[in-house]
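Chemist: Following this message is one structure expressed as structure tokens.
Read-outs throughout are calculated quantities, based only on the coordinates presented, and are distinct from any laboratory measurement. Since we're looking at a predicted model, the values are computed, not measured. Neighbour counts are summed over all protein chains in view; Cβ atoms, including those assigned to glycine, are modelled from backbone coordinates with ideal geometry.
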Amino acid sequence: MGSAAFRSVVSARWLVVVMAAVVFAFLAATAVAQYVDDASAMELDAIVGNAMPSVQLLAQVSSDLRRIDLDLGKGQAAGMLPERRRNIDAALAAYRALPFFPEEPAMFAGVAQLLQQLDAEITAHEIDDARSTVDIIDRRLERLITYDASQGQRLALAIARTRRESRGLVWLLDAASVVLAVGAMLLAIRQRQRAVRVLEEEESEAQHRLVELANKVDELGHFAGRVAHDIRGPLQTASMSLELARARGAAPATTQRGVAALAQMTVLVDGLLEFARAGGKPPEDAVASVGEVIRDVADGVAAEAAAHAIEVHVQPTEARVACSRGVLTSIVSNLVRNAIRHMGESVERRIDVSARAAGERVRIEVADTGPGIPPGQEQRIFDPYVQLGTGKGGLGLGLATVDRLVRAHGGAVGVISPPGRGCIFWFELPRADGISTTNVAP
């Protein structure tokens, strides 16, 4: 092996090492996003599912008690008392069903006995005593409301602290990703130059092999540049958003931008891995229930669709197709999320997922009311890295993954896009033998 060839091999090894470091940085960014999300999830659940409902229910009880006090002062307690007491009992039952914070049980103890005492005093027409008991109960409820509100504030501050502490690591990963990607590009350029020199020194057969190597290096360099571009923007957005969160006391809108940008890293990495696996040979005994997968995907995108004011409707079938549940989920999920991303500014915002028998196959359609596809682009959108819109996120591998998965399982895929009337993405997969294809919905 000549010196130029030897240096070329060494440079290629360094390129692999640097690319592995880039992938590690991507995975680390994903891990940071997951850590921030996990650390905040419990606090958010406690705020939304405990502190806020507790304050609301206790405030409702306090309001009803004040009305009882007013009725007692006016001598009208007998008329509205039964209804107000039922309201109080219902609100307190809902409150007791919620999880308690550590000091809450002790603070709430005795409220039920005081309510029984209030009932007895009203029955005995001891109005002054009853109004005094109302004041005692109301003061206890006020302390409980203040305590639950303070717990909600404490949890919110814990979320802000977690996000603030992740800021430095996000900046570090941002810088590491950019530096490593640039290093990979420089190594690719250097590798190509050395490959060219080797081409000039070696015989024709060796030259042919080195041309193939140079082409592969070009592809790696292009990949590194594209990934560096896609990774840098979201990481910078996350860093800036988390910095603003720290400076402004963790405003929800800015911190949410940071979390969304970090979550985008997961989408990019998962898209690359899913596309790489899409050409694999499917197992012969794989079977998936179309109806179950469609419903699961609809449930999974419900929050994302609602955030974009989009309605998702499903018309599944009882049929089963000859592929794994994971493959079918990937296909349907890619098409539905693609429809959400490209809904644009359409007035009518609706996605319909339906399935029906089509001979020996099952046909599944994802129809949307978005702006549609420009004429002549219907086939091109299934090519890798093709994105017709701007600012949509991802690497343009979603529809390419759908195409590879469907064709690998002996199916067909396509799109119908009448001008200005949205899109209907469809695919067909062989149905599993012996399974009925009767539609659940027409």
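Chemist: Can you report the number of residues in segment 310-365 which are of a type in the set (D, E, K, R) and part of a helix (DSSP H, G or I)? Give the derivation first.
Modeler: Within segment 310-365, the first condition is being of a type in the set (D, E, K, R), and the residues that meet it are 311, 318, 320, 325, 337, 341, 345, 348-350, 352, 356, 360-361, 363, 365.
Imposing the further condition that a residue be part of a helix (DSSP H, G or I) reduces the set to 325, 337, 341.
Residues in segment 310-365 being of a type in the set (D, E, K, R) and part of a helix (DSSP H, G or I): 3 in total.
Chemist: Consider L157 carefully, then state whether it is closer than 30 Å to F24 by Cβ and among the hydrophobic types (A, V, I, L, M, F, W, C). Reasoning before the result, please.
Modeler: On the way: closer than 30 Å to F24 by Cβ: no; among the hydrophobic types (A, V, I, L, M, F, W, C): yes.
For L157, the condition - closer than 30 Å to F24 by Cβ and among the hydrophobic types (A, V, I, L, M, F, W, C) - is not met.
Chemist: Would you point out the residue of segment 128-163, among those that are of a type in the set (K, R) and more than 19 Å from I47 (Cα to Cα), that is farthest from the chain's Cα centre (by Cα)? Can you show your working first?
Modeler: So in segment 128-163, the residues of a type in the set (K, R) come out as 131, 139-140, 143, 154, 161, 163.
After this cut, where a residue has to be more than 19 Å from I47 (Cα to Cα) as well, the list is 131, 139-140.
Numbers: R131: 52, R139: 43, R140: 41 Å.
Of everything passing the filter in segment 128-163, R131 is farthest from the chain's Cα centre (by Cα).
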